[in-house]
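Asks: Quick one: this structure, given as structure tokens, is what I'll be asking you about.
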Amino acid sequence: MTERETELLNVPPGAPHSNILSETGSYIIGLALALILTGVSFWVASTSVLWGPGVAVGLVVLAIAQMGVHLVFFLHITSGPDNTNNVLALAFGVLIVFLVMIGTIWIMAHMNANMGMSPELTNLQMQH
Amino acid sequence: MTTASEAPAIGLTHGGSEDTGLGHRGPESKSIVVPYGFWLFVLSDMVLFSALFASYATLAHATDGGPISNQLFDRNLVAIETIALLVSSFVCGLAMIAAKRANMIWTQGWLLVTGLLGFVFLSIELFEFAKMIGEGAGPQRSAFLSAFFTLVGCHGAHVTCGLLWIGTMMAQIWAKGFQPHIMRRLLCLSVFWHALDIIWVAIFTIVYLIGTLP
């Protein structure tokens, strides 16, 4: 095994690609996609054309898509074998993030619905 | 450096040509290990933010008769903040490309633009905070506002740290040049800065856009 092969086995997260065209191109594509997704997000939130209840879900989907764009084009997380460690760490992070967020929202919503408390209490308002 | 076929076929290594990643090549170089460790830190930072997001989502309607999100947030300001931070993240990438080619002028220039755009973002955020507190919508007004200031303020504190870090790196590059350990720090900085932008995407969507839906 040569030194060069050894170097290719892992890359750190965020390291630019190897040649200047592809690495600058990666950032430019990422910026363009992120700008488009941001613009669509603000448009979706402002327009009255879309079905109201679906707008929040659409915004979350757009946000997750934009996070993906940032990860791929800015942080250069790829599916290549040199990125396995970075991807595994990311997958674990995403798992914990989803467990914490969805778990909390789910449990708190059900508690509010099932405890039969008065609206003031279920609303968790601060009492003076 | 032993070749793969000479690797000892004992313990956890399989020997042969297959690289098991279990260490028969020895530890990775610092240029891999340090950014990877920093990547783990950034991911755990995102776990921290997920807890703040969860508490915000739980408390978002607990306004105690005080101002609600629709009355407080200005989407135009948020749009400017978003663009500033996004372009800042992009320019940080350009600085990394320049640094990789050991180009002092462009590296310093792009890092300066990165920092200035981050400063624009932070100024708008502080202006918004000051305006809200001046209107009596400070963090002590309701559970919703406590959660809001904790979540967005925590992100703002991260951006402040990032700005200090950018300034430090500009000075270090200027004084010490593009040495390997300086490059490692610069790579960690760029990972940190891109991660802050990812967290901001979640904040502007959940807090500012979904919070101000009619």
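The values are calculated or read from the model by the stated rules, or taken from the named source; none is laboratory data. None of the values given here were measured: they were computed from a predicted structure. All Cβ positions, glycine included, derive from the backbone under ideal geometry; neighbour counts span all protein chains shown. What goes into the accessible areas is simple: the full protein's heavy atoms, side chains included, and nothing from ligands, DNA or RNA. Shrake-Rupley method; radii C 1.70, N 1.55, O 1.52, S 1.80 Å.
Asks: In region B:43-72, what residues are more than 7 Å from chain A (Cβ to nearest Cβ) and under 14 Å from the mean Cα position of the chain (by Cα)?
Replies: Of everything in region B:43-72, those that are more than 7 Å from chain A (Cβ to nearest Cβ) and under 14 Å from the mean Cα position of the chain (by Cα) turn out to be B:Ser44, B:Asp45, B:Leu48, B:Phe49.
Asks: Check whether at least one residue in region B:89-108 is closer than 28 Å to A:Met101 by Cα, in a helix (DSSP H, G or I) and within 14 Å of chain A (Cβ to nearest Cβ), and report yes or no.
Replies: yes
Asks: Here is a further query. Give the residue, chosen from B:Thr168, B:Thr212, that is hydroxyl-bearing (Ser, Thr, Tyr), in contact with a helix residue (DSSP H, G or I) (Cβ under 6 Å, 6 or more places away or on another chain) and open to solvent by 10 Å² or more (accessible area, probe 1.4 Å).
Replies: It is B:Thr212.
Asks: I've got another one for you. Has region B:171-179 got any residue that is in contact with a Gly (Cβ under 8 Å, 6 or more places away or on another chain) and open to solvent by 10 Å² or more (accessible area, probe 1.4 Å)?
Replies: No, region B:171-179 has no match at all.
Asks: Okay, moving on. Filter region A:29-51 down to the residues that are open to solvent by 50 Å² or more (accessible area, probe 1.4 Å) and more than 30 Å from A:Pro16 (Cβ to Cβ) and list them by number.
Replies: A:Trp43, A:Ser46, A:Ser48, A:Val49, A:Leu50, A:Trp51 - these are the residues of region A:29-51 that are open to solvent by 50 Å² or more (accessible area, probe 1.4 Å) and more than 30 Å from A:Pro16 (Cβ to Cβ).
A quick yes/no check of all residues on (1) within 14 Å of chain A (Cβ to nearest Cβ); (2) touching a residue at least 12 places away in the same chain (Cβ under 8 Å); (3) more than 27 Å from A:Leu71 (Cβ to Cβ); (4) under 21 Å from the mean Cα position of the chain (by Cα):
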{"residue": "B:Ile133", "(1), (2), (3), (4)": "no, no, yes, no"}
{"residue": "B:Gly138", "(1), (2), (3), (4)": "yes, no, yes, no"}
{"residue": "B:Ala147", "(1), (2), (3), (4)": "yes, yes, no, yes"}
{"residue": "B:Val159", "(1), (2), (3), (4)": "no, yes, no, yes"}
{"residue": "B:Gly167", "(1), (2), (3), (4)": "no, yes, no, yes"}
{"residue": "B:Trp174", "(1), (2), (3), (4)": "no, yes, yes, no"}
{"residue": "B:Met183", "(1), (2), (3), (4)": "yes, yes, no, yes"}
{"residue": "B:His194", "(1), (2), (3), (4)": "yes, yes, no, yes"}
{"residue": "B:Ile206", "(1), (2), (3), (4)": "yes, yes, no, yes"}
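Asks: Residues that are open to solvent by 20 Å² or more (accessible area, probe 1.4 Å) and within 19 Å of the chain's Cα centre (by Cα): does region B:94-108 have at least one?
Replies: yes
Asks: Listed residues B:Ala157, B:Ala130, B:Ala137; which is part of a loop (DSSP other than H, G, I, E, B) and either surrounded by fewer than 19 Cβ atoms within 10 Å (Cβ to Cβ) or on the phi < 0 side of the Ramachandran plot (or both)?
Replies: Checking each option against the conditions leaves just B:Ala137.
Asks: So if I check each of B:Leu112, B:Leu40, which one is in a helix (DSSP H, G or I), open to solvent by 50 Å² or more (accessible area, probe 1.4 Å) and away from chain A (no Cβ under 12 Å)?
Replies: B:Leu112
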